[in-house]
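*Asks:* The structure under discussion is supplied below as structure tokens; questions concerning it will follow.
We did not get these values from a lab; they are worked out from the coordinates using the rules stated. Here the structure is a predicted model, which means the values were calculated and not measured. Don't worry about glycine lacking a Cβ; one is built from the backbone with ideal geometry, like all the others, and counts go over all protein chains shown.
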Amino acid sequence: MNAIPLGLCAAALAISTSPVMASDTVTAATTLTPVSVHASDTQVMSAESVQVRVDRAQLQRQNVSDSADALKYAPNMIVRKRYIGDPNAVISGRNTGTLQSARSLLYADGLLLSNLMTNGWDGAPRWGMVAPQEIGAVDILYGPYSALYPGNSLGTTVLIHTILPNRLMASASSQFFSQDYRDAYGAGGHYNGHQLSATLGNQQGRWSWLLSVNRLDNHGQPMQYATARAGGDAAVAVPVTGATNDRNPNGSPRLVYGANTIEHTVQTQAKLKLGVKLAEHVDALFTLGWWHNRADDRTRSLIRNAAGELVDEGVISANGKTWTLPSSGLAPSSANDSHALYGIELNGKFDNDWRWTAVASHYDFLRSQSRNALTPTDAAGTVADKGGSGWDTFDLRSSGPVGDSHMLYAGVHGDRYLLDSRVRNSSQWWAGAADGPQVSHFAGRTQTRAAYLQDVWAFAPAWALTVGGRLEQWRAYGGVLGNADGSLRYANRQRTDFSPKASLAWDFASDWQLRLAYGKAVRYPTVSELFQGSISANAIVNNNPALRPERDQSADLTLTHQLDKGHWRVSLYQDRIADSLYSQTDITVTPTVTSVQNIDLVRSRGIEGELVLTDVWTSGLDISASLALNDAKTLRDRQFPRAEGNDFPRIPRLRANLFADYRFAPGWDASLGVRRSGRQYGTLDNSDFVDTYGAVSAFTVADAKLRWAFAPHWTASLGVDNLTDTHYWVYHPYAGRTWFGEVRWEL
């Protein structure tokens, strides 16, 4: 049995930034009370893929306003977080752009927080269900090399392990932030916010519990700009000042005359976790989570007439031309969401060293309304309602030794996703009163059932072979699409796929390991990809309910070396993804059709390097750095041939991170982080070449933080993100220079 830890544990430890095992106590310098990290899911998780760990101490060394910030410096990754409180923070990795949310998975204590009802900007994981103060450690898995996870793992799998107290614990913190935002259109300024959070927990006999609450109130910078094209009746045009001549990303001229989606968000989160020891070898954890978001999106006209009055619609004369402003260009909107998470987890151990875990969860969109005005001044508008949507999951896993050289993993999985989206007219859009006729409606369900088996065979000293497979049966049913005149139904679908996995690890010398991994993944279409469309002449158009799933053939070759105080890693990877799902225009038909379509073949390949060092040169200095070169290409696309041979959207050619932390005096800590993302495109044919609103930028930003433990149980910190106030875009503008201040008390 000694050979199994050599092949498995060495692989996991060699590539984790700060290993914390499930039963360990996490202790961070000067500020952290000892707590238990609830990471029981790692007890039935094999380590055949690249894995990076971010621990609780690391999170305190960087600027963190929500749980998505845990991934800020992870190698070859980015989370599209546009402002503090952004509910649409999508994960992007090796082979995944920021509009492909269904290619990543987020779990918290085994409970799924990934919104796999859709795939796009609105399908981000539900980060708000985990407050930063709950996090004990985060594991990040690269690629689809484990049979334990569904095909959505073809990109990145993120496992958040939260804390449970060993004794009475309590904390409270107050955080303030202020953003300096500038732009070329006149909508810059200061956008401020604050956050309050608290935790209280204890362990009493066989019971342990933790209650956490969090409230965020923030004003974000403009997310979009109102633009107009030249044209209109010059005889009625109103002369204005303040408009800016501009170009869109493909170079076409436009006029920017206003800013919109200037969001004021107020988010409240509460979580209760209750753990109990049911028997000598059986533990249970119950989770109840609630998240509420109220977001008001204001608009701001940037143009004035001769009398100095703001102008937000009509025909104008600006910069020597006549322009017609779209009626909805500066129409305000708002959102009101309440979500609930219910979870139960059972963990057990048999006398023969076999472990088992059973996890069931339900995520419910109790309320989900988006309200939109039709014009800047009209009371009429629309209300989009997704209330009642959500998902259910169940997993039963077991692992244990078989003989002296095998470690076996087995399990079954089930899930169901329900999406019901209804849009109705409203006489008072801000009140959320959907009192008018139906505008559109689409709904549907998907369901997956799976069984998997994975064996780790230590067949020789220093060698370990992992072989496994996942059998999945997928269904899509209950699809319906409607408009103001009625509804039409879709036919049900079902298919079965098998995804093999294999990896070979060789510890060829002391502290050295070489591992080759292969995995197939099948990522099934989401409800919105299948059933969202439109009705014309009593027929469903602009969608394809027969979409094929994405099928990935992935390989990874990783060399790792353990140092006395750290490690380094180099990985080569390649993914060949058939039938990639992406929104594009089919130019082979007349008239053309724009919808989610299958792209025949996309290839992503690259090289990653990672270096982690502790106590460099002098005690107290830690450094982590990573560099990734990516080459993502569309190889074949019969419906949009102009994409062939071009870079796939939103995957940069280069990603690099550097993070240094220096504990330079007792109670003092300073950190500096640098993030670099290279050239990338937002379109399949790479026709966007102007770095402007609507583009996807290359960027380099620097972050810094200073912490001071000024008294027992008290810590103060001052930090800044985007220190140089770099202006860059991911279609929307990213945040400008943002200052953080925090005071924290922890018992």
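*Asks:* Please compute the alpha carbon radius of gyration of region 678-747, then divide it by the globular-protein estimate 2.2 N^0.38 Å. Two decimals is fine.
*Replies:* On the way: Rg = 18.0 Å, N = 70, 2.2 N^0.38 = 11.1 Å.
Normalised Cα radius of gyration, region 678-747: 1.63.
*Asks:* Considering only DSSP beta bridges where both residues belong to the chain, give the percentage that are antiparallel (nearest 5).
*Replies:* Values: 345 of 352 bridges.
The answer is about 100 percent antiparallel.
*Asks:* Now a separate question. Pop out the ³J(HN,Hα) list for region 223-232 in order, Karplus 6.51 cos²θ - 1.76 cosθ + 1.60 with θ = phi - 60°, rounded to Hz; leave Gly and Pro as x.
*Replies:* 8, 9, 10, 7, 10, 9, 9, 5, x, x
*Asks:* Moving on. Cα-based Rg of region 67-136 per 2.2 N^0.38 Å, rounded to two decimals? Could the numbers behind the result be given before it?
*Replies:* On the way: Rg = 11.2 Å, N = 70, 2.2 N^0.38 = 11.1 Å.
Ratio of Cα Rg to 2.2 N^0.38 Å: 1.02.
*Asks:* Turning to a different aspect of this structure: Compute for region 432-481: radius of gyration divided by Kirkwood radius, i.e. Rg/Rh, restricted to C-alpha atoms, rounded to two decimals.
*Replies:* Values: Rg = 23.3 Å, Rh = 15.7 Å.
Computed over Cα atoms, the ratio is 1.48.
*Asks:* Right, next: Count charges around Y477 for me, please; just the other residues with Cβ under 9 Å from its Cβ, Lys/Arg as +1, Asp/Glu as -1. Numbers along the way, then the final one.
*Replies:* Numbers: positive: R445, R475, R493; negative: none.
Taking every other residue near Y477 into account, the sum is +3.
*Asks:* Another question, then. Would you check the chain for Lys pairs whose C-alpha atoms are within less than 29 Å, ignoring same-chain pairs closer than 8 in sequence, and give me the count?
*Replies:* Taking the chain as the scope, the lysine pair count is 23.
*Asks:* If you average the sequence gap of Cα pairs under 8 Å that are 6 or more apart and divide by the length of the chain, what percent do you get for the contact order?
*Replies:* The value is 12 percent.
*Asks:* Within a 10 angstrom radius of the beta carbon, how do E280, E309, E610 rank from fewest other beta carbons to most?
*Replies:* On the way: E280 7, E309 11, E610 24.
Going from least to most buried by this count: E280, E309, E610.
*Asks:* Cα gyration tensor of region 399-534, axes a ≥ b ≥ c as square roots of the eigenvalues: rounded (a/c below 1.5), prolate (a/b > b/c) or oblate?
*Replies:* On the way: a/c = 4.12, a/b = 3.04, b/c = 1.35.
Prolate shape, in that a/c is at least 1.5 and a/b is the bigger ratio.
*Asks:* From the phi of every residue in region 71-76, what ³J(HN,Hα) in whole Hz does the Karplus formula 6.51 cos²θ - 1.76 cosθ + 1.60 yield, where θ is phi - 60° and glycine or proline is x?
*Replies:* 9, 4, 10, 5, x, 6
*Asks:* Taking the DSSP beta bridges in region 590-747 as the whole, what percent of them are antiparallel, to the nearest 5? Write out the running numbers ahead of the final one.
*Replies:* Values: 59 of 59 bridges.
Taking every DSSP beta bridge within region 590-747, about 100 percent pair in antiparallel fashion.
*Asks:* Mind checking the log10 I(q)/I(0) for region 315-467 at q = 0.15, 0.18 Å⁻¹? Debye, one equal scatterer per Cα, no solvent, two decimals.
*Replies:* Listed by q, the Debye log ratios stand at -0.89, -1.06.
*Asks:* May I ask for the net charge around S104, where only other residues with Cβ less than 12 Å from the Cβ of S104 are counted and Lys, Arg are +1 while Asp, Glu are -1? Working shown, then result.
*Replies:* On the way: positive: R80, R94, R103, R523; negative: none.
Value of the local net charge: +4.
*Asks:* How many percent of Cα pairs in region 222-338 exceed 24 Å? Don't skip to the answer; put the middle values down first.
*Replies:* Working: 3251 of 6786 pairs.
Looking at region 222-338, the distances longer than 24 Å represent 48 percent of pairs.
*Asks:* To one decimal place, what Kirkwood hydrodynamic radius in Å is obtained for region 631-683 from all pairs of distinct Cα atoms? Each step should come with its number before you reach the end.
*Replies:* On the way: mean 1/r = 0.0709 Å⁻¹.
With all distinct Cα pairs of region 631-683 included, I get 14.1 Å.
*Asks:* Please state the relative contact order of region 154-219 as a whole percent: Cα pairs under 8 Å, 6+ residues apart?
*Replies:* After rounding, I find 33 percent.
*Asks:* If neighbour count is taken as other Cβ atoms inside 10 Å, put F498, F648 in order from fewest to most. Mind showing how you got there, number by number?
*Replies:* On the way: F498 10, F648 27.
Listing F498, F648 from fewest to most nearby Cβ atoms yields F498, F648.
*Asks:* Taking the Cβ of S327 as the center, what net charge do the other residues with Cβ under 11 Å away carry, scoring Lys and Arg +1 and Asp and Glu -1? Show your work: numbers first, answer last.
*Replies:* On the way: positive: none; negative: D312, E313, D378.
Once all neighbours under 11 Å are counted, the net charge is -3.
*Asks:* Answer rounded, prolate or oblate for region 473-539, using the Cα gyration tensor with square roots of eigenvalues a ≥ b ≥ c: rounded when a/c is under 1.5, else prolate when a/b is larger than b/c, else oblate. Present the calculation step by step, with values, prior to reporting the outcome.
*Replies:* Numbers: a/c = 6.99, a/b = 3.85, b/c = 1.82.
It is prolate, given that a/c is not under 1.5 and a/b is the larger ratio.
*Asks:* Assign unit charges at the C-beta atoms only (+1 for Lys and Arg, -1 for Asp and Glu), then state the dipole size of the chain relative to its Cα centre in Debye, rounded to the nearest 20.
*Replies:* Details: 67 positive and 70 negative charges, 126 e Å.
Roughly 600 debye, rounded to the nearest 20.
*Asks:* What translational diffusion coefficient, in µm²/s and rounded to a whole number, does the Stokes-Einstein relation yield for region 38-176 at 20 °C and a viscosity of 1.002 mPa s, taking the hydrodynamic radius as the Kirkwood radius over Cα pairs?
*Replies:* On the way: Rh = 15.3 Å.
Result for D is 140 µm²/s.
*Asks:* On to the next question. Rounded, prolate or oblate for region 172-224? Axes are the square roots of the Cα gyration tensor eigenvalues, ordered a ≥ b ≥ c, and the cut-off for rounded is a/c under 1.5.
*Replies:* Numbers: a/c = 6.77, a/b = 4.16, b/c = 1.63.
Cα axes put region 172-224 in the prolate bin.
*Asks:* Beyond 17 Å, what share of the Cα-Cα pairs of region 536-630 is found? Please give it as a whole percent. Present the calculation step by step, with values, prior to reporting the outcome.
*Replies:* Numbers: 3022 of 4465 pairs.
Of all Cα-Cα pairs in region 536-630, 68 percent lie more than 17 Å apart.
*Asks:* Below 8 Å, C-alpha to C-alpha, sequence gap of six or more: please give me the relative contact order for region 524-659 in percent. The partial results should precede the final answer.
*Replies:* Numbers: 299 pairs, mean separation 24.6, N = 136.
With pairs under 8 Å counted, the relative contact order is 18 percent.
*Asks:* Order of K349, K72, K321 from fewest to most other C-beta atoms within 10 Å? It would help to have the intermediate numbers written out before the result.
*Replies:* Values: K349 15, K72 21, K321 18.
In order of increasing Cβ crowding within 10 Å: K349, K321, K72.
*Asks:* Would you kindly derive the ³J(HN,Hα) couplings of region 432-447 from the backbone phi angles with the Karplus curve 6.51 cos²θ - 1.76 cosθ + 1.60 (θ = phi - 60°), listing them in order in whole Hz, with x for Gly and Pro?
*Replies:* x, 8, 7, 9, x, x, 5, 9, 7, 7, 9, 7, x, 9, 10, 8
*Asks:* Continuing with the same structure: For the chain, what is the largest minus smallest coordinate of the Cα atoms on each principal axis, given in angstrom and ordered from greatest to least?
*Replies:* Projected onto the principal axes, the Cα atoms of the chain cover 88, 62, 47 Å.
*Asks:* Next up: Per residue of the chain, what 222 nm ellipticity follows from adding -39500 (n - 2.57) for every DSSP H run with n ≥ 4, rounded to the nearest 500? Working shown, then result.
*Replies:* Values: 3 runs with 22 residues, N = 747.
About -1000 deg cm²/dmol.
*Asks:* Same structure, new question: Using amide H atoms built 1.01 Å from N in the peptide plane, name the residues 5+ places from A735, or on other chains, whose amide H lies under 5 Å from its own.
*Replies:* none
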